[in-house]
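The structure appears below as C-alpha cells.
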Amino acid sequence: MSDAPALPPALGFPLALAAGLAIPVQGRINGALGTVLDDGIAAALISFGTGLVIMTALTLALPSARAGALQIIPSVRERRFPPFYIAAGAIGAFFVFSQSLTIGILGVALFTVATVMGQSLSGLLVDKAGIGPGGRRAATPMRVIGVVLTVLSVIWAVSPRFGAAGEVSAWLVPVLLPVAAGVLMSFQQAMNGTAALHYGTPLAATLMNFIAGTVVLLSAWLIKIALAGPGNPLPTEWWYYLGGPMGCIFIALGALLVRSLGVLLTGLCMIGGQLVGSLLLDLVVPAPGTIVVFATVAGTLLTLAAIILTTLPWPRRARARARRPVSG
C-alpha cells in the first residue's frame, strides 16, 4: 500500500477542476466520432483503445508505473480490495459509450445535466457508505445543500440550450443513459482510488481501467458487427482520436484525488471543470446552435460557489462549539 501523503485541498481542488476540463473535450470528440462512424460502440472502442496504447507506453517508460503494474496481480490474489474493483473500467466504457451514442441527440448541455444529476447524488451516497479510500464522510446538511445547489446551478447554466434539444419526448429516454453513467462514475472513482492506494500509483489503476474497458467494448463491438455489420469508415482527421488521451487525464487524476477529497468533492470539482470547459468550448470552438448568454456564465459561477460552500468545514466548527464546556 502506498504511504504517500494525501494532497492538501489547495492543490487537490485545482487538479480536480483540471480533470473536469477534459470531460467536455472528450465528450465533444467522442460524440462527433460516433456521428461520423454511425456507430457509438466503435467510437467508444477507439477512445478506449487509444487510451490503452498511451497507458501501456507510460507503464513501460516510467519505473513507478511499472512497479505499480506489478502490484496488480498480488493485490487481487491477496484480496487487498474486492476483486471486482479491477473491472471499474467497464463503468468508464459505459460512460464513453453514452457520450458517443447520446451527445449527438442531446447535445453537450443536456448530457452534462444528466451526468451531474447522477454523479452528485451518488457521490454523496458513496462517501456516506465509505466505499472510497478516504473512508466514511458524513452527509452533513451543508454537503447536501451544496449538492442541491450544484444541480440547480448546472440546470440554470445550460437552460438556454434546452429548446435546442427538441420536444421533451425526443430526449427523455436518451437522457436516462447519461444519468445512469453519472451515478456509476462516483463508484468508479471510489474503486479506482482504493485500487491506486494499494498499487502505489494511480497510473496502474488507470491502466487497468483501459484494459477492462477495452475488453468490454471490443466484445460488444464484435457482437454488434456480427448482427448489424460495421459502421462507416474511419475518419482521417487526427483530432477524432484524442478522446483516449482526455480519458487518461481525468481517470488518473480522479483515482489520485478521491483519497484526499472524497468521492463527493472530487466529483463536484470535476463538475465545475466540466462547466468551465464547456463554456470555453462554446466560446472558442462553438458547435452549431451554440448559445452563450447570461444564464450560461452565471450558472457556471454559481456552481463554483456551490463547490466552495460544500468544502467549507461548517459541521466541524459546529461540533467544536458543542463540545466547548459551559463556564459558571
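Descriptive notes on the structure:
- Relative to the current alpha-carbon distance between residue 305 and residue 73, full extension at 0.36 nm per residue lengthens the span by 79.3 nm.
- Highest mean first, the peptides 99-105, 8-14 sorted by other C-beta atoms within 10 Å per residue fall in the order 99-105, 8-14.
- Base-10 log of normalised Debye intensity for region 49-90 (one unit scatterer per alpha-carbon) at q = 0.23, 0.25, 0.31 Å⁻¹: -0.87, -0.93, -0.99
- Electrostatic tally near residue 72: other residues with Cβ closer than 12 Å to its Cβ, Lys and Arg +1, Asp and Glu -1, net +2.
- Comparing Cα centroids, region 239-285 and region 54-122 end up 12 angstrom apart.
- Which of 33, 22, 88, positive extreme of dipole for region 1-100 (C-beta unit charges): 88
- Under the simplified labelling scheme, the residue 239-residue 145 pair shows an inter-label distance of 4.2 nm, with each label point 7 Å from Cα along Cα→Cβ.
- Our coupling estimate for region 94-105, obtained by passing each phi through the Karplus curve with A = 6.51, B = -1.76, C = 1.60 and θ = phi - 60°, is 5, 5, 5, 4, 5, 4, 5, 8, 10, 5, x, 8 Hz, Gly and Pro reported as x.
Every read-out reported here was derived from the displayed coordinates using simple, explicitly stated rules and does not represent laboratory data. Quick caveat, the model's predicted, so the values are computed rather than measured. With ideal geometry, Cβ positions are generated from the backbone for all residues, glycine too; neighbour counts draw on all protein chains shown.
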